[in-house]
Amino acid sequence: MITPLRPSRTAADTRIEVTTTADATVVCVHGEVDLSITDRLAAQLEIETDLRPRALLVDFDDVTFCSARGFATLLEACAHAHESGVPFAAVSAQRTVLRPFHQLSLGRVLHLLPTHEDATRWLKEV
């Protein structure tokens, strides 16, 4: 019998939580960001951007996998936020996010902050 290396996950396994304060709206993603979740994430980021928060942060610190479509979703949300005048950044210190982010040179168009403390400092600057 073959035992899978990891249990299969579904979109239901990935959670998106939104927290809003006077300083920013934080969209926190827990789990895998793949094709099964990107439409839901894109819709949530569009809703939050359209509400015009002082800043929008996407917390990927609990993301265990991020597909190319997941990064494209972030880039599309970043462009929409920029057009709307909403400062936008992502937060993650996860290798599963950092490695492809740097390999794809996404830092030219998207702020990726390694810690929540860095995000707090960034918010004070915007």
Note to self, the chain gives a 222 nm [θ] from helices alone (DSSP H runs n ≥ 4, -39500 (n - 2.57) apiece, / all residues, nearest 500) of -13000 deg cm²/dmol
Which of Asp59, Asp118, Asp39 has the fewest other C-beta atoms within 10 Å, and how do the rest follow up to the most? Asp39, Asp118, Asp59
Which FRET efficiency value, to the nearest 0.05, do you get for Thr21 and Ala43 by plugging their Cβ-Cβ distance into 1/(1 + (r/R0)^6) with R0 = 25 Å? 0.70
Over the chain, what is the percentage of antiparallel beta bridges among all DSSP beta bridges, to the nearest 5? 30 percent
Of the labelled options (1) 20; (2) 50; (3) 12, which one gives percent of Cα pairs over 25 Å apart as computed for this structure? (1)
Could you work out the local net charge near Pro114, counting Lys and Arg as +1, Asp and Glu as -1, over the other residues with Cβ closer than 15 Å to its Cβ? -2
Which value, in debye to the nearest 20, gives the size of the charge dipole of the chain about its Cα centre, when Lys and Arg are +1 and Asp and Glu are -1 at the Cβ? 320 debye
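Every read-out reported here was derived from the displayed coordinates using simple, explicitly stated rules and does not represent laboratory data. Because the structure is a prediction, the values reported are computed rather than measured. Glycine also receives a Cβ, built like all others from the backbone with ideal geometry; neighbour counts cover every protein chain displayed.
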